[in-house]
1. If you go through segment 229-256 one residue at a time, how many are in a helix (DSSP H, G or I) and either β-branched (V, I, T) or open to solvent by less than 90 Å² (accessible area, probe 1.4 Å) (or both)?
2. Sort out which residues of segment 268-292 are surrounded by fewer than 20 Cβ atoms within 10 Å (Cβ to Cβ) and hydrophobic (A, V, I, L, M, F, W, C), and write them in order of number.
3. Yes or no: Y65 within 17 Å of L142 (Cα to Cα) and in contact with a Leu (Cβ under 8 Å, 6 or more places away or on another chain)?
4. Can you tell me which condition F449 does not meet? The list is (1) of a type in the set (F, W, Y); (2) open to solvent by less than 10 Å² (accessible area, probe 1.4 Å); (3) more than 30 Å from F255 (Cβ to Cβ), and all the others hold.
5. Kindly indicate whether any position in segment 105-122 is open to solvent by less than 10 Å² (accessible area, probe 1.4 Å), within 28 Å of R240 (Cα to Cα), at pLDDT 90 or above and not in a loop (DSSP other than H, G, I, E, B).
6. Filter segment 452-468 down to residues that are crowded, with 19+ Cβ neighbours inside 10 Å and of a type in the set (G, A, S) and give me whichever is nearest to the chain's Cα centre (by Cα).
7. So is L62 open to solvent by 30 Å² or more (accessible area, probe 1.4 Å) and at pLDDT below 85 or not?
8. Just one of (1) open to solvent by 10 Å² or more (accessible area, probe 1.4 Å); (2) in a helix (DSSP H, G or I); (3) touching a residue at least 12 places away in the same chain (Cβ under 8 Å) trips up G190, so point out which.
Amino acid sequence: MAEKRRRKEKNFLIQGSILAFAGVITKIIGAVYRIPLMNIVGTEGMGYYNVAFSIYTIALMLTSYSLPLAVSKLVSARVAVGQYRNAYKVFRCALSIAVIASGIISLVIFFGAEFIAGTIMAMDMSVYALRVLAPCIFVVALLGVIRGFFQGNGSMMPTAFSQILEQIVNAAASVAGAYVLLKMGMEIAGTRGDDSYGAAYAAAGGTIGTIAGAFSALLFVAMIFFAYRRLFRRKMWRDRSRKKESYRKIYRILFMTIAPVILSATVYNISDFLDTAIFSNTMAAQGFKKTEYASLLGILGSQYSTLINVPLAMASALGASLIPSLVTTVQTGSRKQIHMKIHTAIRFNMLIAIPCAVGFLILAKPIMDLLFYTQDNSTAALMLQIGAVSIILYTSSTVTTSILQGLDDMMTPVKNAVISLVIYIVALFVMLVAFKWNIYAVVAGRIVFSGSMCILNAHALRERIGYVQERKRTFVIPVMAAGVMGAVTVLVHLLFELFAGEKIATVVAILAAVAAYGAVLVLLGGVTEDEISGMPKGAAILRICYKLHLFRS
């Protein structure tokens, strides 16, 4: 029994690691293609691009974001007890909801783009990018349901591979679309006497990659689904469960599951939409030109957020893989097993988030100069240094939100997100209007929001199941290892900068940071041999650790 439990824990970590690895790869691709995209579109165009995306993200929250999570949760609960027919009914009901909801929202966004962009967001030139993104809402909704079905069956591979494929197609099509539409926009700008048309059309071209990537991923997972359906049908034929749920009951359960998730996800992610709207309108009221605050939003979305989202992708991936695993444990396991799974998820995320925060704090300017070498990155670098701590806070709050949802406590994250959002809006107004911190107020406000979510979610877990996170191996040892890593990083960067230049020094310093952090973490007992062996390529990592005599025993 103990051996079986250990195998399940390893499988959970492996599946989570696969999804986290795919998330990191997609974020790296996203960071890389943003470089030529930024060079083509410019900071003003990226401002229009990011405003359109903030609206698109809210639309996804309402139609698509909740579906993979809900389908994964409900399918895994039924698969765990052998109810394969009911699990397939969940999939079919979710698919019909996706078609109807996303279809309606897509039409509303497409035909209401002018009002949304011009009146609500005070950024009328983002209308072109928003209209291109509207049909993508429908595609992503279908994609999310199929991904959720596979995750509910314990397989993260289709999601992982489709994410990588989606981002590769997105990268290529975005750059090509921006290049082609920039020329078209420049011609229109010449006839209408407004240079902003060039940036606005380029931004719209950049969003073409989003729908192209999503459609490619949908075709990929659809092909895998039709191949897998034969195997799943055999399981349905062997299903001897007497419990047969009606479609009416499943629709009711889906809505009861989706509604809190939509509320939680919308409130949790609406901060991006709100800070864009509040910032734009406040800057306009303070006499700033549209091109000025559009450029600042372009830096926030295309440089700051691109880098911050790389480690956050790991938290989202592990959270997604945790929910079906946690649901199964709740169905069949003890409180001790639930605590162990939560402990593993939170600690695994902190092992990644803490060194990332320290690395961004130390190497903000060199990293920005390495990736976005065609412009002055002083503003972006300072934003990254200020916001580095939010990596730890957002990572923790994202995972604990997923944990509470996996424990079937759907409303607590909603309540916590609403409280945090109110605190955030008040803080943002004070920092923008009273302190006049400009774009840095948005970065600081996000720290306030994520910090509040961390505290409230931790309190909720303690109240609900008596869970308190272990501190030494989760926080203390990673902080110590990250401190040593930081010192090594600074020394290596200074040394190589003298002989090889800043760009090579930055690359070498990042590699040295990874090696130093990993070595010190193992040496201090931050990870065990069993935990390393459960990771992808764990045997190879163990051999290196043995050769370097990093284990005390």
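The values are calculated or read from the model by the stated rules, or taken from the named source; none is laboratory data. As the structure is a prediction and not an experimental result, all values here were calculated from the model. Reconstructed Cβ throughout: ideal geometry from the backbone, glycine too, with neighbour counts over all protein chains shown. Ligands, DNA and RNA are stripped out before the accessible areas are found, and what is left, the full protein with its side chains, is counted by its heavy atoms. Shrake-Rupley method; radii C 1.70, N 1.55, O 1.52, S 1.80 Å.
1. Keep residues of segment 229-256 that are in a helix (DSSP H, G or I), which gives 229-237, 247-256.
In the following step, the residues that additionally are either β-branched (V, I, T) or open to solvent by less than 90 Å² (accessible area, probe 1.4 Å) (or both) were identified as 229, 231-232, 235-236, 249-251, 253-254.
Number satisfying all stated conditions: 10.
2. Once the filter is applied, which keeps residues that are surrounded by fewer than 20 Cβ atoms within 10 Å (Cβ to Cβ) and hydrophobic (A, V, I, L, M, F, W, C), segment 268-292 yields I270, L274, A277, I278, A284, A285, F288.
3. no
4. Answer for F449: the failing condition is (3).
5. No; the residues of segment 105-122 include none that is open to solvent by less than 10 Å² (accessible area, probe 1.4 Å), within 28 Å of R240 (Cα to Cα), at pLDDT 90 or above and not in a loop (DSSP other than H, G, I, E, B).
6. By that ranking, first place goes to S452.
7. On the way: open to solvent by 30 Å² or more (accessible area, probe 1.4 Å): yes; at pLDDT below 85: yes.
It is true that L62 is open to solvent by 30 Å² or more (accessible area, probe 1.4 Å) and at pLDDT below 85.
8. It is condition (3) that G190 fails.
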